[in-house]
Amino acid sequence: MNILFINLGWEQKPLLAKLADQGHKIYGYHFSNDYEADFTYEDICIGDIRDLYRISEFAEKNSINAVVSDACDYSYFAQAFLSELLSIPGPKLHQAQVATNKYYQRRKAQDSGLKVPQFSLASTYEEALYASKEILYPLVLKPIDNRGSFGVFKVENESYLKELFYKSLMMSHSRLVLVEQYIEGEEYTVDGYCFNGHPTSLAVAKKSHYKDNQCVANVIKYSSKINVCKEIFRYNSLVAQKLGFNFGMIHAEYIIDKYDNIYLIEMANRGGGVYTSSLIVPLFTGIDLPSIYINDCLGQTQDNNLVDYFPRGAKKVILYFFSFPLGVIKDIRIDPKVVNDPRLVKLKLFVKPSQAVSPVKSDAHRHGFAIIQLDESEDENIFIETLHRGISIDYE
């Protein structure tokens, strides 16, 4: 089959490897020349992933009959667009609009009776200021159509509103900003999959954040011991149904307040980034999601009896993000004992020698990550301390 793979970054490498092993003809579309070059492509087009005209031209020129993407809102929207345009398997455009437009999703969730933070749409500072009088501080500003925490800010009081509104607006492709209530509580991530058109929750993780940036997570811990697992599992499947998702991955974020109210923060109809759908969830559940997803994209859907799935494993998986001291790096050394520890599944650093370490302003600014698998009884903090000791950084 002629398969178009949209976005050829490092996060998509496991899916690309699956397709390559199956012997398919892969046509790639990427936003830069810095793509995964370990695979053989029939043809590659470099361009803006939001340029639907160029992507559709490339697909039609190469007689594409299947489209695959994951872990990126822009490539997911293009996949949905092409699935309708070419009448091939995939998410549909109305689902992509709900999944990638935060304001549209808020409206649909609210109309469906789901609990969401109080919100308002602002195109100008004056509209944001007016909304703040109704919503009250603290509040959150976010672009309605960006990703990776770009342009997302917690606003403590009116003195910060103007500056942060304009920063958020700069990150909004539509030039529209969502002004919403800040919900105090515990934050959770739920991952799932639409098996045979039925949304099914698979894994729950508890999130914590950087102390100096409450909008960016630094630890995401997947465990079957999380005390709200069953409640949030059932609710997540209901949310996906209400939003109309019936194809592919689901990746959602919730906050549970002190009164046990579950607030939907956001649900994506794709897998989570940083190997969440391709490595972490399969590792935690034992379910080969990449293979199932590829089969669905190729129109080779198989029966999967997982409607009542609930993980009861003896292992937990932690996605840990580094934050190193600021400065210009002279050298980085990693202890081989750390790298060879079987509990360390994946280690990737985004900082390099001769480069300056910058503050973590969004998901994309984090300094690196580690994926760790431990027994439920093990203390992940001890392992993380050992991991840090094994990474030596010298500064200029």
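Couple of notes before you dig in:
- The residue list Ser358, Ser392, Ser362, Ser323 contains one member that is closer than 30 Å to Phe233 by Cβ and polar (S, T, N, Q), which is Ser362.
- Meeting the requirement of 3 or more residues that are over 24 Å from the mean Cα position of the chain (by Cα), the helices (runs of 4 or more DSSP H) wholly within segment 59-175 are 125-135, 158-170.
- Exactly one residue out of Ala78, Ala59, Ala66 is in contact (Cβ under 8 Å) with a residue 60 or more places away in the chain, in contact with a strand residue (DSSP E or B) (Cβ under 6 Å, 6 or more places away or on another chain) and farther than 22 Å from Arg175 by Cβ, and it is Ala66.
- Every condition in (1) within 21 Å of the chain's Cα centre (by Cα); (2) open to solvent by 30 Å² or more (accessible area, probe 1.4 Å); (3) closer than 30 Å to Phe233 by Cβ holds for Met267 except the one numbered (2).
- Qualifying residue in segment 220-229 (condition: open to solvent by less than 10 Å² (accessible area, probe 1.4 Å) and in contact with a Gly (Cβ under 8 Å, 6 or more places away or on another chain)): no
- Top-ranked residue of segment 189-209 - restricted to ones that are open to solvent by 10 Å² or more (accessible area, probe 1.4 Å) and part of a strand (DSSP E or B), ranked as nearest to Ala364 (Cα to Cα): His209
- Some residue of segment 15-33 being on the phi > 0 side of the Ramachandran plot, surrounded by fewer than 16 Cβ atoms within 10 Å (Cβ to Cβ) and not in a helix (DSSP H, G or I): yes
- Residue check: Ser112 meets all listed conditions (1) open to solvent by 10 Å² or more (accessible area, probe 1.4 Å); (2) of a type in the set (Ser, Thr, Tyr); (3) touching a residue at least 60 places away in the same chain (Cβ under 8 Å); (4) in contact with a strand residue (DSSP E or B) (Cβ under 8 Å, 6 or more places away or on another chain) but one, namely (4).
- Matching entry among Ile183, Ile226, Ile232, Ile220 (being in contact with a strand residue (DSSP E or B) (Cβ under 8 Å, 6 or more places away or on another chain), assigned to a loop (DSSP other than H, G, I, E, B) and in contact (Cβ under 8 Å) with a residue 40 or more places away in the chain): Ile183
The values are calculated or read from the model by the stated rules, or taken from the named source; none is laboratory data. Just so you know, these numbers come straight off a predicted model, no measurement behind them. Reconstructed Cβ throughout: ideal geometry from the backbone, glycine too, with neighbour counts over all protein chains shown. Side chains are part of the model used for accessible areas, which takes the heavy atoms of the whole protein and leaves out ligands, DNA and RNA. Shrake-Rupley method; radii C 1.70, N 1.55, O 1.52, S 1.80 Å.
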